[in-house]
Amino acid sequence: MMSTAPANALTPAELRWKRAQRLTLVFMLCAAVITARIIWLAMQSKAARELIRNQARTTQSVTIPGMRGRIISRDGIALAYSERRLRLLWQVPADLCMAEAILARWEAMDGRPFPLPPRQDLPAHLGHQWQIADDLDMRLPALWQMTQVPENGLSLRAYFVRNYSPNQALRDILGTVHIDPGTGLECGLTGMEKEYDKELRGHVVTFSLLATSRRAFIKENKLWQENQGNGRDIRLDIHACAKR
């Protein structure tokens with residue numbers, strides 16, 4: 001007696017289709033798992049690289065005293081004004097051969113941001129700090145970079161110069177200033193400088209430098225501008241040619 005298949009039994013073609021669907025689903029799941037794993041590994045690798053980069057960087061905070069404001073006459077002439085200047089110092093090695101090697105390296109440098117000291121004067125400065133340049137531009141990035149290379153032995157020193165009217169009668173009225181050793185700010189000591197010190201005095205500005213593994217310092221903010229931290233100008237009701 002022949003057996004008969006159930007009425008709802010699948011045909012061979014339908015069975016093959018079902019198997020194909022299951023295999024497709026398995027492949028899709030495997031592909032999703034592999035893709036997720038690749039993405040996770042890529043993220044871990046990126047995070048590791050970023051961690052290494054961050055470890056190779058250090059941030060340095062630098063404080064710059066603001067410049068004192070000007071005292072201006074009734075006719076618009078500056079009777080007292082300040083200038084910020086920068087000098088470059090070289091800690092000369094005690095060994096003449098080492099000092100000459102550094103000097104030779106600077107001589108071969110393209111776009112050197114400072115003049116070279118006289119080679120014939122080198123022996124007299126061995127083992128001492130030597131001022132080799134003055135009144136430099138503080139905005140030269142190459143200058144900052146060179147001071148961050150320890151083997152160069154270079155350092156920068158900023159300072160203020162207060163200029164006054166040549167009129168001696170006004171000079172006595174204007175007064176004098178002194179440098180606060182704690183902040184580096186110019187402070188009024190006598191005369192109009194003392195009377196209007198609150199308006200004229202600058203304030204200290206702090207900005208950040210980012211040191212990379214190449215020792216090149218990069219500005220992290222926008223405070224590196226000449227007018228940041230400066231005091232206010234005041235106008236006096238006197239003439240630039242006033243006499244006693």
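Look through the stretch 164-200, keep the residues that are of a type in the set (S, T, N, Q) and surrounded by 13 or more Cβ atoms within 10 Å (Cβ to Cβ), and return whichever of them is modelled with the lowest pLDDT. Checked the stretch 164-200; the qualifying residue modelled with the lowest pLDDT is 183.
Checking 116, 103 one by one, the residue that is surrounded by 13 or more Cβ atoms within 10 Å (Cβ to Cβ), assigned by TED's automatic domain parsing to the domain that holds residue 71 and under 28 Å from the mean Cα position of the chain (by Cα) is 103 and no other. Per this entry, residue 208 is counted among residues that are surrounded by 15 or more Cβ atoms within 10 Å (Cβ to Cβ) and either at pLDDT 90 or above or of a type outside the set (A, V, I, L, M) (or both).
Specify which of the listed residues (136, 156) is surrounded by 16 or more Cβ atoms within 10 Å (Cβ to Cβ) and at pLDDT below 80. Unique residue meeting the criteria: 136. The residue that is modelled with the highest pLDDT, among those in the stretch 81-110 that are touching a Ser or Thr at 6+ places or on another chain (Cβ under 9 Å) and of a type outside the set (Phe, Trp, Tyr), is 91. If we scan the stretch 140-162, do we find a residue that is within 30 Å of residue 239 (Cβ to Cβ), among the aromatic types (Phe, Trp, Tyr) and under 26 Å from the mean Cα position of the chain (by Cα)? Yes; the residues of the stretch 140-162 include at least one that is within 30 Å of residue 239 (Cβ to Cβ), among the aromatic types (Phe, Trp, Tyr) and under 26 Å from the mean Cα position of the chain (by Cα).
Condition check ((1) of a type in the set (Phe, Trp, Tyr); (2) in a loop (DSSP other than H, G, I, E, B)) across all residues:
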| residue | (1), (2) |
| --- | --- |
| 93 | no, yes |
| 103 | no, no |
| 106 | yes, no |
| 112 | no, yes |
| 116 | no, yes |
| 121 | no, no |
| 131 | no, no |
| 135 | no, yes |
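The values are calculated or read from the model by the stated rules, or taken from the named source; none is laboratory data. This structure is a prediction, so every number in the text was calculated from the model and none was measured. Heads up, the Cβs are rebuilt from the backbone with ideal geometry, glycines too, and the neighbour counts pull from every protein chain shown.
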